[in-house]
Ligand code: SR1
Ligand code: MG
């Protein structure tokens, strides 16, 4: 990586010109660094005289959100580009096209999705996305089944586990999701108004026992190739289209971690509705949309996962009657647990969500934070006994007080 240097906006233009068949030689290009995430530079390159455009994403050798004191491997750019290419093969149309990957610069050029909106922004604006549940359920079923020992050659799968070893990014998850919120960590970040609730997380040993189980699963189970950070900020949407981006946290882990991430982020927005809805009727209506979406995502996932199992299972003895039901039940239980962990970390941990943090009114914001914590901790505590997605929806609605 000796030629590595962070690009300037001008460097980005010069690189964009080298991508074959994209811009005409005399194109007048403009470049803007638009990265608003925690880790990377993102350049949006446009042609002043045509519709041609491209996104260049460059990994920095440290976590941008913290600074150079938190070094991070540039190999995550390789992992991201390889994951995007694989996801594109398994789920055509559901990820941006990769146009180039330059290892020395940790740089990926990809399709510009500016005609889409980041789903989190859309949900904060109380938009609805009728195609989303079917798309993401399909994405989850195919990426998880077809990268697991159930759906691909098991020797190749071991080689793929090796290719997606992602220690630095996994460490972020292990600390920020499965440890910091349950101790007095300097990484934590929460408002003084919920100090009591944050402290309660630290002394709840029943909760810690369940988080320890989930953390151990994350550390040790190479079940399927995960996206690894599938929150609503990693999903672009329109009413008709869904595009999953940013799989730099990709690694082999428990399937429920990805499904739980999607559902947790819908429920974080559910919690935030105390601050976004005009009145009780509006609030109930939008929350119903969110919990219907939670149910649909799981239902589509389960249906397609079972079809893949029935049609493409590669493991003879896993075809024993009864094993599919046991397996799906375990994925559901993991989904509950990981969804709960994802909710808790976004309230008291280092990195929050705008669905709650940007609620202008402090009283509503506090209510949203407390609601997210109640839903999250309940899901964690109940996860080993879950038997239907309806129980997740009931958990959310039963926690509502306003
Ligand atoms: C230091 S990175 C913080 C968070 O940003 C990413 O989106 C992941 O969710 C990570 O945990
Ligand atoms: Mg990201």
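Please count how many residues of segment 2-19 are at pLDDT 95 or above and in a loop (DSSP other than H, G, I, E, B). I'd like the intermediate steps shown before the answer.
To start, the set of residues in segment 2-19 that are at pLDDT 95 or above comprises 4-19.
Those still in the list that are in a loop (DSSP other than H, G, I, E, B) too: 4-8, 18-19.
Of the residues in segment 2-19, 7 are at pLDDT 95 or above and in a loop (DSSP other than H, G, I, E, B).
Go through segment 373-402 and give me each residue that's surrounded by 13 or more Cβ atoms within 10 Å (Cβ to Cβ), part of a loop (DSSP other than H, G, I, E, B) and either under 20 Å from the mean Cα position of the chain (by Cα) or at pLDDT below 95 (or both).
389
I'd like to verify a number: residues in segment 100-127 that are closer than 18 Å to residue 288 by Cα and more than 19 Å from the chain's Cα centre (by Cα), how many?
The qualifying residues number 3.
Please give the strands (runs of 3 or more DSSP E) falling wholly within segment 27-92 in which 1 or more residues are exposed (fewer than 15 other Cβ atoms within 10 Å of the Cβ) and at pLDDT below 95.
67-71
Just checking, does segment 125-142 include any residue being touching a strand residue (DSSP E or B) at 6+ places or on another chain (Cβ under 6 Å) and closer than 15 Å to residue 252 by Cα?
Within segment 125-142 (the criterion being touching a strand residue (DSSP E or B) at 6+ places or on another chain (Cβ under 6 Å) and closer than 15 Å to residue 252 by Cα), the answer is no, since none of the residues qualifies.
Tell me, please, whether a residue that is away from ligand 1 (no atom under 16 Å from the Cβ), under 29 Å from residue 215 (Cα atoms) and in contact with a helix residue (DSSP H, G or I) (Cβ under 9 Å, 6 or more places away or on another chain) can be found in segment 338-348.
No, that holds for no residue.
The values are calculated or read from the model by the stated rules, or taken from the named source; none is laboratory data. Since the model is a prediction, treat every value here as computed from it, not as a measurement. Because the Cβ atoms are built from the backbone with ideal geometry, glycine has one as well, and the counts that use them run over all protein chains shown.
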